[in-house]
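Down below is the structure, laid out as structure tokens.
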Amino acid sequence: MVWNQTYLWISLAALSPLWPAYALNQAHLSQVLSDRQCPQCDLQGADLQRLYLASANLQGANLQGANLRGADLRQSLLLNADLSQADLTQADLRGSNLLNAQLNGTQWRGVRLDATTQIDDRWRLVWQIVNEGGDLNLEQSDLAGANLSRSTLSQAQLYQANLADSDLSGSQLDGANLRLANLAGANLALANLSGADLSGADLSGADGRLANLAGATLIGANLSQADWEQANLPGANLQAAQLTGAVLLSANLEAADLRGAVLAGANLQQANLLNANLTGADLAGANLCGAQLPDGEVGACGSEAASGSM
């Protein structure tokens, strides 16, 4: 299926978690607006978009979830600030100091950095991936908690990379090398992972709703407790994969290789398993209600359902 950009953004918005509402500290907001000097201030969830905040002192400030889209933060002091989940889209951070800032989940698209911007190496790398892409060697890189939504990482080398709790929703990861990568808790909704190598990768607890993993290699991967509702996995190699408690509701697993896979307690309702190889697979407690089985039969529901090894 081909997704146009507008549909992708709408779909991602629908699948995104709802962030908590923040109680805004009005006194601190007034202070930063009056003289831009507000170290240690509580500005959680503050709307500071497009404001002139050049040379501001926000050292140690709590800017979690703040809207800083298009803000002018040149030469600002953001040392030790908490900018997790903040929206920095198109903000100007040239010459600013963001060393030791918390930047998990921060949005980087269109942000302006330069050689004088002081920022930890891992977050400069995230900025580079989001805004410049290119042929990057990301083997064993620490990208945990990074917001990489809608990034282009086709054919990327991500062997043993740490992407735990990262946001890769809507990203292009086709043909990527993700062997032994840590993707536990990652957001992979609507991501394109077709032909990717995820052998031995940890995808436990990941959100893979509507992801495309056609022809992907997931030998020995851990997909337990992950959500793969309506994911596309035709021809995927899932030999000896761990899928305990995984949600595969309406997933397409046609002709997938599931030999020796553990699907105990998995939800496979309405899934397409036509021509899939389930030899030696553990289906104890799996829900196959309405699923199209390898032989074309339809999985039984309710009291008629039976499960076990195949």
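The values are calculated or read from the model by the stated rules, or taken from the named source; none is laboratory data. In this text the structure is predicted, and so the values were computed from the model without any measurement. Here the Cβ is made from the backbone with ideal geometry for all residues, glycine too, and neighbour counts use every protein chain on show. Ligands, DNA and RNA are excluded from the accessible area calculation, which covers all protein heavy atoms including side chains. Shrake-Rupley method; radii C 1.70, N 1.55, O 1.52, S 1.80 Å.
Filter the range 66-76 down to residues that are at negative phi, among the polar types (S, T, N, Q), assigned to a loop (DSSP other than H, G, I, E, B) and open to solvent by 30 Å² or more (accessible area, probe 1.4 Å), then give me how many there are. So the answer is 0.
Considering the conditions (1) closer than 21 Å to GLU229 by Cα; (2) open to solvent by less than 40 Å² (accessible area, probe 1.4 Å); (3) under 10 Å from the mean Cα position of the chain (by Cα), ALA146 is excluded by exactly one of them, (1). Only a single criterion out of (1) open to solvent by 10 Å² or more (accessible area, probe 1.4 Å); (2) on the phi > 0 side of the Ramachandran plot is not satisfied by GLY170, namely (1).
Taking first residues from the range 147-164 that are among the hydrophobic types (A, V, I, L, M, F, W, C) and partners that are open to solvent by 60 Å² or more (accessible area, probe 1.4 Å) and not in a loop (DSSP other than H, G, I, E, B), the Cβ contacts under 7 Å between residues at least 6 apart in sequence or on separate chains come to LEU153/GLN172. TRP123 meets all of the listed conditions (1) touching an Asp or Glu at 6+ places or on another chain (Cβ under 9 Å); (2) crowded, with 17+ Cβ neighbours inside 10 Å but one, namely (1).
Evaluate the range 205-222: report whether one residue or more is of a type in the set (Asp, Glu) and without any contact (Cβ under 8 Å) to a residue 40 or more places away in the chain.
Kept after step one, since they are of a type in the set (Asp, Glu), are these residues of the range 205-222: 207.
With without any contact (Cβ under 8 Å) to a residue 40 or more places away in the chain added as a condition, the list becomes none.
Looking through the range 205-222, none of the residues is of a type in the set (Asp, Glu) and without any contact (Cβ under 8 Å) to a residue 40 or more places away in the chain.
Of all residues in the range 212-242, which are open to solvent by 10 Å² or more (accessible area, probe 1.4 Å) and part of a loop (DSSP other than H, G, I, E, B)?
Taking the range 212-242 and keeping what is open to solvent by 10 Å² or more (accessible area, probe 1.4 Å), we get 212, 214-215, 217, 219-220, 222, 224-225, 227, 229-230, 232, 234-235, 237, 239-240, 242.
Correct list: ALA214, GLY215, ILE219, GLY220, SER224, GLN225, GLU229, GLN230, PRO234, GLY235, GLN239, ALA240.
Each row is one residue, and each column tells you yes or no for (1) more than 20 Å from the chain's Cα centre (by Cα); (2) open to solvent by less than 20 Å² (accessible area, probe 1.4 Å); (3) in contact (Cβ under 8 Å) with a residue 24 or more places away in the chain.
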position: LEU98; (1), (2), (3): yes, yes, yes
position: ALA115; (1), (2), (3): yes, no, no
position: ASN131; (1), (2), (3): no, no, no
position: ASP135; (1), (2), (3): yes, no, no
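Checking the conditions here, which among LEU33, LEU79, LEU58 is of a type in the set (A, V, I, L, M), over 17 Å from ASN104 (Cα atoms) and either over 32 Å from the mean Cα position of the chain (by Cα) or open to solvent by 20 Å² or more (accessible area, probe 1.4 Å) (or both)? Write out each step before concluding.
On the way: LEU79 fails: over 17 Å from ASN104 (Cα atoms); LEU58 fails: either over 32 Å from the mean Cα position of the chain (by Cα) or open to solvent by 20 Å² or more (accessible area, probe 1.4 Å) (or both).
Of the residues listed, the single one that is of a type in the set (A, V, I, L, M), over 17 Å from ASN104 (Cα atoms) and either over 32 Å from the mean Cα position of the chain (by Cα) or open to solvent by 20 Å² or more (accessible area, probe 1.4 Å) (or both) is LEU33.
Does ALA246 count as under 22 Å from ALA156 (Cβ atoms), of a type in the set (Gly, Ala, Ser), open to solvent by less than 10 Å² (accessible area, probe 1.4 Å) and at pLDDT 95 or above? No.
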